[in-house]
Amino acid sequence: MAHPAPQEEDTVQDTIAPEDVARACFAAYLAQDRPAMERLLAEEFVFTSPQDDHIDRAAFLEVCFPTADRVRSQEVLDAVPFDGGQVFVRYEYVLTTGERHRNVEVMTVRDGRLTETQVYFGGRFPQG
């Protein structure tokens, strides 16, 4: 039985390193590029943070994704792959209020798409 050839986008997506998928998600968030984020998130995507308990893809896109307007700048400090598709991401961001924070996320990537994000909030982080 013949199998249909994979579409070029699917082939490219599957070859992206998990840490690059994580970085692409951060970029899509900052740019508020919803179509890009939708391509990066698996249908079974789950998001957990101290404020959100295992919310699904639709809830994440509705509640969390549109919040980038409160961020003046954001920098991924580390994106380290581990344990077969997971990525440890440490990042710093500055809010429009001038407050600087650092957080950590553990992101799980399967078949080139993000399936889970677990966020661990840090506190305010001093400048310098």
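So, of the residues in segment 35-58 that are in a strand (DSSP E or B) and hydrophobic (A, V, I, L, M, F, W, C), which turns out to be farthest from Ala17 (Cα to Cα)? First the steps, then the outcome.
Applying the first criterion (in a strand (DSSP E or B)) to segment 35-58 yields 41-49, 52-56.
Right, trim to hydrophobic (A, V, I, L, M, F, W, C) and you get 41-42, 45-47, 55.
On the way: Leu41: 15, Ala42: 15, Phe45: 18, Val46: 20, Phe47: 20, Ile55: 25 Å.
Only one residue fits best here, namely Ile55.
Filter segment 104-128 for residues that are open to solvent by less than 60 Å² (accessible area, probe 1.4 Å) and either more than 21 Å from Ala36 (Cα to Cα) or at pLDDT below 95 (or both) and give the result.
Val104, Gly122, Gly123
Could you check Leu40 against (1) in contact (Cβ under 8 Å) with a residue 60 or more places away in the chain; (2) over 24 Å from Gly112 (Cβ atoms) and say which number it fails?
Just one mismatch for Leu40, condition (2).
What pairs can you find where one residue is in segment 91-109 and touching a residue at least 60 places away in the same chain (Cβ under 8 Å) and basic (Lys, Arg), the other is in a loop (DSSP other than H, G, I, E, B) and surrounded by 16 or more Cβ atoms within 10 Å (Cβ to Cβ), and their Cβ atoms are less than 8 Å apart, with a gap of 6+ or different chains?
Nothing qualifies.
Name the residue that is farthest from Val109 (Cα to Cα), counting only residues in segment 81-97 that are hydroxyl-bearing (Ser, Thr, Tyr) and assigned to a strand (DSSP E or B).
If we take residues in segment 81-97 being hydroxyl-bearing (Ser, Thr, Tyr) and assigned to a strand (DSSP E or B), then Tyr93 is farthest from Val109 (Cα to Cα).
Looking at segment 77-100 only, could you name the residues that are under 14 Å from Val119 (Cβ atoms) and among the β-branched types (Val, Ile, Thr)?
Answer for segment 77-100, where residues must be under 14 Å from Val119 (Cβ atoms) and among the β-branched types (Val, Ile, Thr): Val87, Val89.
Can you confirm whether Ser49 is open to solvent by less than 70 Å² (accessible area, probe 1.4 Å), touching a residue at least 60 places away in the same chain (Cβ under 8 Å) and touching a strand residue (DSSP E or B) at 6+ places or on another chain (Cβ under 9 Å)?
On the way: open to solvent by less than 70 Å² (accessible area, probe 1.4 Å): yes; touching a residue at least 60 places away in the same chain (Cβ under 8 Å): yes; touching a strand residue (DSSP E or B) at 6+ places or on another chain (Cβ under 9 Å): yes.
It is true that Ser49 is open to solvent by less than 70 Å² (accessible area, probe 1.4 Å), touching a residue at least 60 places away in the same chain (Cβ under 8 Å) and touching a strand residue (DSSP E or B) at 6+ places or on another chain (Cβ under 9 Å).
Here are some residues: Phe88, Phe82, Phe125. Which one is among the aromatic types (Phe, Trp, Tyr) and in contact (Cβ under 8 Å) with a residue 24 or more places away in the chain?
Working: Phe88 fails: in contact (Cβ under 8 Å) with a residue 24 or more places away in the chain; Phe82 fails: in contact (Cβ under 8 Å) with a residue 24 or more places away in the chain.
Being among the aromatic types (Phe, Trp, Tyr) and in contact (Cβ under 8 Å) with a residue 24 or more places away in the chain holds for just one of Phe88, Phe82, Phe125, which is Phe125.
List every residue pair whose Cβ atoms lie under 8 Å apart, where the two residues are 6 or more positions apart in sequence or sit on different chains, the first residue falls within segment 14-31 and is over 11 Å from Gly85 (Cα atoms), and the second residue, located anywhere, is among the charged types (D, E, K, R).
Final answer for the pair search is Asp14/Asp111; Ala27/Asp33; Ala28/Arg34.
Looking at segment 59-80, is at least one residue in a loop (DSSP other than H, G, I, E, B) and either open to solvent by 40 Å² or more (accessible area, probe 1.4 Å) or in contact with a Lys or Arg (Cβ under 7 Å, 6 or more places away or on another chain) (or both)?
Of the residues in segment 59-80, the ones in a loop (DSSP other than H, G, I, E, B) are none.
No, that holds for no residue.
The values are calculated or read from the model by the stated rules, or taken from the named source; none is laboratory data. All of these numbers come straight from a predicted model, not from anything done at the bench. Note that we place each Cβ from the backbone using ideal geometry, even for glycine, and neighbour counts take in every protein chain shown. For the accessible areas, the whole protein counts, side chains as well, though only heavy atoms, and no ligand, DNA or RNA atoms are used. Shrake-Rupley method; radii C 1.70, N 1.55, O 1.52, S 1.80 Å.
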